[in-house]
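The values are calculated or read from the model by the stated rules, or taken from the named source; none is laboratory data. Quantities reported herein were computed from a predicted structural model and do not represent experimental measurements. No Cβ is skipped: glycine too gets one built from the backbone with ideal geometry, and neighbour counts run over all protein chains shown. Side chains included, ligands, DNA and RNA excluded: accessible areas come from the protein's heavy atoms. Shrake-Rupley method; radii C 1.70, N 1.55, O 1.52, S 1.80 Å.
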Amino acid sequence: MALNILKDFFGGTNKLERFWLLSKIEFKLRYYENILGLIWALIKPISDCLIYYIAFEFILKSGFPQYVSFLFIGLILWNFFLESATGTIQILSTKKYLYEYTNMNKIEIYLSVIGSNLIGLFFNTLMFSFYFLLIENGSTYFSWHVIFFIPIILNLIILSLGFSLILSTIYILAKDIQQIWLIVANLGFWLSPILFSPDLFNSRLRTLKYINPISSIIINARTIIIYHHLPEWKLMAWGFVYATFFLLIGIYMLNTLGAKAAEKL
Amino acid sequence: MKPETDNNIAVAARNISKKFHITEDSHNTVKQRLFRMFNPPHAKIVDALKMMSFDIKRGECFGLIGRNGSGKSTLVRMLAGVYPTDTGYVQINGSTMLMNLGVGMSHELTARENIYVSGSVLGLKIKEIDLIFDKIIEFAELQEFIDVKIKFFSSGMLARLGFSIAVNAGADVMFLDEIFAVGDVKFQEKAIKVFEKSWIEQKTVVLISHNMGIIQKYCQRVAYIKNGNLEYIGDSETAIKIYLADNE
């Protein structure tokens, strides 16, 4: 199936172009509509970072080195996941115009939202690189290990797409999944290694390293970028297995529940 | 088992049927489901379409007639791949487009963006849309509103834009549900002209209409649907005769 999708996208059809067109429009709809425009996309992680920095460094005096870079990485990855999952709960309703009149495959709509979030992630990563290389104290630099950022992002995309498919198809049956998910996501934020130092996370929330599907992504991203080490392979493999599992459930739900979206929503 | 791919068949429907479960209340939140777990609302089952099989040939104009509520629109949505079938399957060769009062457009986007999105969804490449863009705008008479969000358009402007996209972009199989009610008299004349010129000769068209004159004039074969049953499928004269006799 995966091969067929790839063949479809690159084999002379217009699907790649359509993916890019829909992604651009989605990105524009989300950010350009505001007066501050694109700047909002960049302000979000910076403002989050500032708030948590004040809380943890000034108030709680955690004294953790390179804490801003540490936070920055965790937040931009978490925000990508959250925007892809939360932002798409109502997608089968809001994008009904795309599938109600044609036989276009619904998965393309989800991919375009992921595409739009990848554009946002690109700008956020640029902002991070700027901070990491020029502003962060000490001699911070990128080593060749950053090449592993590519599989880590791939893992994040698979995981986000899986959650996006699952949540949006549940929405067909239960509209209040949005409220329930917000509680789950809020809990997930505090049970992920976003704010806590590795020592604190390992001592208090150690079991979550493997249970929480986004842990492996955030931990390995920091390992390669800040600490210049190879990723924890076992954790990375587990992350891919976990994400693929959610994606397969999501695809199954889209093909069963999602197929009825046009008549139910 | 699916049939061998036949190049002359645009849409093949085999043993398709559809039931709708209609409940008293919406019953669509987790809260409602939990509270009413032991007292579920009564669901009424409506047999929207009973088992039927038929083919639509490539390049033909196929008519669909029947009274209001007979199941025509449900059938068309299933043939276009928008609704799933309860039994059997529909095999579609190529892209489809369903058009009733409008086509799929987002009210949050401008006319320009909608043209590109719709064109792309219908299978055109950006360069191909570039080539027909001016034609679409000109035909829809919207030259001064290209970069206006369509939520500010009047219903007439929306219908003209939808029709114009459908005319110029088109899909391999077009499902047209009472489309000649679009716009004012002048636009309707223009619509019929373009319909005759570019669709009847070049595309597979499924035409739904209550206007027997239109069905008789354009369709080679017609299906008559009554209470979800396929009553007749064959030449247009006989189909219309049965339909009119039934409604006397």
Given the condition at pLDDT 90 or above, out of contact with any helix residue (DSSP H, G or I) (no Cβ under 7 Å at 6 or more places or on another chain), over 23 Å from A:F142 (Cβ atoms) and more than 14 Å from every other protein chain (Cβ to nearest Cβ), answer yes or no: does some residue in region A:226-235 qualify? yes
Of the residues A:T140, A:T86, A:T102, only one is surrounded by fewer than 19 Cβ atoms within 10 Å (Cβ to Cβ) and under 30 Å from A:G258 (Cβ atoms); which? A:T86
Filter region B:32-44 down to the residues that are open to solvent by 100 Å² or more (accessible area, probe 1.4 Å) and either under 20 Å from B:T74 (Cα atoms) or in a strand (DSSP E or B) (or both) and list them by number. B:K44
Kindly indicate whether B:V205 is in a helix (DSSP H, G or I) and closer than 26 Å to B:L131 by Cα. no
Some residue of region B:148-162 being in contact with a His (Cβ under 8 Å, 6 or more places away or on another chain), at pLDDT below 90 and within 30 Å of B:V222 (Cβ to Cβ): no
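Could you list, in sequence order, all residues of region A:232-258 that are outside any helix (DSSP H, G or I) and crowded, with 22+ Cβ neighbours inside 10 Å?
Across region A:232-258, there are no qualifying residues.
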Among (1) modelled with pLDDT of 90 or more; (2) open to solvent by 50 Å² or more (accessible area, probe 1.4 Å), which single condition is B:Q220 missing? (1)
From the list B:T87, B:T110, which residue is surrounded by fewer than 20 Cβ atoms within 10 Å (Cβ to Cβ), over 20 Å from A:K96 (Cβ atoms) and touching a residue at least 40 places away in the same chain (Cβ under 8 Å)? B:T87
Are there any pairs with C-beta distances below 8 angstrom linking a residue in region A:74-85 that is in contact (Cβ under 8 Å) with a residue 40 or more places away in the chain and of a type outside the set (F, W, Y) to a residue that is buried (at least 23 other Cβ atoms within 10 Å of the Cβ) and not in a helix (DSSP H, G or I), with the two at least 6 apart or on different chains, and if so which? A:G74/A:S192; A:G74/A:P193; A:L77/A:I214
Taking region A:167-207 only, how many residues are open to solvent by less than 30 Å² (accessible area, probe 1.4 Å), in contact with a Phe, Trp or Tyr (Cβ under 8 Å, 6 or more places away or on another chain) and of a type in the set (A, V, I, L, M)? 4
I'd like the full set of residues that are of a type in the set (S, T, N, Q) and surrounded by fewer than 20 Cβ atoms within 10 Å (Cβ to Cβ), limited to region B:223-241. B:N227, B:N229, B:T238
Might you check whether a residue that is within 14 Å of chain B (Cβ to nearest Cβ), under 17 Å from the mean Cα position of the chain (by Cα) and modelled with pLDDT of 90 or more occurs anywhere in region A:114-135? yes
Going residue by residue through region A:212-231, is there one that turns out to be open to solvent by less than 10 Å² (accessible area, probe 1.4 Å), more than 29 Å from A:F128 (Cβ to Cβ) and of a type in the set (A, V, I, L, M, F, W, C)? no
Selection status of B:S164, surrounded by fewer than 17 Cβ atoms within 10 Å (Cβ to Cβ) and either of a type in the set (S, T, N, Q) or in contact (Cβ under 8 Å) with a residue 12 or more places away in the chain (or both): no
What's the number of the condition A:S23 fails, among (1) modelled with pLDDT of 90 or more; (2) buried (at least 20 other Cβ atoms within 10 Å of the Cβ)? (2)
Of (1) in a loop (DSSP other than H, G, I, E, B); (2) within 14 Å of chain B (Cβ to nearest Cβ), A:E263 satisfies every one except (1)
Taking the stated definitions as given, is A:L42 crowded, with 18+ Cβ neighbours inside 10 Å, touching a residue at least 40 places away in the same chain (Cβ under 8 Å) and away from chain B (no Cβ under 13 Å)? no
Return the residue satisfying two criteria in turn: it lies in region A:142-194 and is out of contact with any Leu (no Cβ under 7 Å at 6 or more places or on another chain) and outside any helix (DSSP H, G or I), and of such residues it is farthest from the other protein chains (Cβ to nearest Cβ). A:S143
For region B:123-137, give me each residue that is open to solvent by 10 Å² or more (accessible area, probe 1.4 Å) and either in contact (Cβ under 8 Å) with a residue 40 or more places away in the chain or polar (S, T, N, Q) (or both). B:G123, B:L124
Condition (residue is of a type in the set (S, T, N, Q) and touching a residue at least 24 places away in the same chain (Cβ under 8 Å)) applied to region B:41-64: is it met by at least one residue? yes
